[in-house]
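Structure first, then comments.
The values are calculated or read from the model by the stated rules, or taken from the named source; none is laboratory data. Predicted model only: the values in this text are computed from it and were never measured. We place every Cβ from the backbone using ideal geometry, glycine too, and count neighbours over all the protein chains shown. Heads up: the accessible areas ignore ligands, DNA and RNA and are worked out on the full protein's heavy atoms, side chains in. Shrake-Rupley method; radii C 1.70, N 1.55, O 1.52, S 1.80 Å.
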Amino acid sequence: MISDRHAPGQQSYGTAYQQMLEKVRYEGAYPTLERADEVVRLVLAGLGRQLTGEERVDLAGCLPLEAARVLTTQIPSTQPLTGWAFVKDLAARTGASLATTRWDTGSVFSAVAAYAGPTLITRILHQLPNGYALLFGRAELASAA
């Protein structure tokens, strides 16, 4: 992937990552690409601490290079978090409100879902504890009894 390192007056982002940031900026109504970038990095780092195995590798392969790096440089946690605990953890790391963090998470996960597609998102949701489906804008999956 070639990135445009000479974009005037802003950080240089690869074209694919720039497009991802534009989507997150639009979805989340963020004022700048830099703010969208902060949110993407925060949420993807958190997801990188939760996701393991083939789903992690496959998701990284779908994302723009910069986003994939944020996801994969995190060491997966030994204590999986529910969706709600995930939001609370991100809020605690940033000092943001739970409502803002929930909004940020949904904005980023919407873009992630667009890159990953429904089949991979379903696989990811089967791996993660309860509560993530709503963050991805889906109904919660029912467990097979």
Item to check | Computed magnitude of the charge dipole of region 76-145 (debye, nearest 20; Cβ of K, R +1, Cβ of D, E -1) | outcome: 20 debye
Checklist entry - What residues qualify as long-range amide H neighbours of residue 96, i.e. H under 5 Å apart, gap of 5 or more or another chain, H built at 1.01 Å from N? => result none
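Residue separation times 0.36 nm, minus the C-alpha to C-alpha distance between residue 82 and residue 41: what's the value?
Extra length available between residue 82 and residue 41 comes to 12.8 nm.
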Checklist entry - Mind checking the dipole of the chain: about its Cα centre, +1 per Lys or Arg Cβ, -1 per Asp or Glu Cβ, Debye to the nearest 20? => result 180 debye
Item to check | Relative contact order of the chain, pairs being alpha-carbon contacts under 8 Å that are 6 or more residues apart, as % | outcome: 23 percent
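Suppose every Lys and Arg Cβ carries +1 and every Asp and Glu Cβ carries -1, with no other charges. What dipole size does region 52-101 come out with about its Cα centre, to the nearest 20 debye?
About 220 debye.
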Next on the checklist: Please list log₁₀ I(q)/I(0) at q = 0.09 Å⁻¹ for the chain, using the Debye equation with identical point scatterers on the alpha-carbon positions.
Outcome noted: -0.26
Checklist entry - With the other protein chains left in place, how much accessible area per residue, in square angstrom, belongs to region 12-145 at a 1.4 angstrom probe? => result 48 Å²
Next on the checklist: Computing the accessible area with a 1.4 Å probe over protein heavy atoms, can you report the carbon and sulfur percentage for the chain?
Outcome noted: 56 percent
Next on the checklist: What does the net charge come to around residue 105 if you take all other residues with beta carbon closer than 14 Å to its beta carbon, with K and R at +1 and D and E at -1?
Outcome noted: +2
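Could you work out the helix-only [θ] at 222 nm for the chain, with each DSSP H run of four or more residues adding -39,500 (n - 2.57) and the total divided by the number of residues, to the nearest 500 deg cm²/dmol? Can you show the working numbers first?
On the way: 8 runs with 93 residues, N = 145.
Dividing the helical sum by the residues of the chain leaves -19500 deg cm²/dmol.
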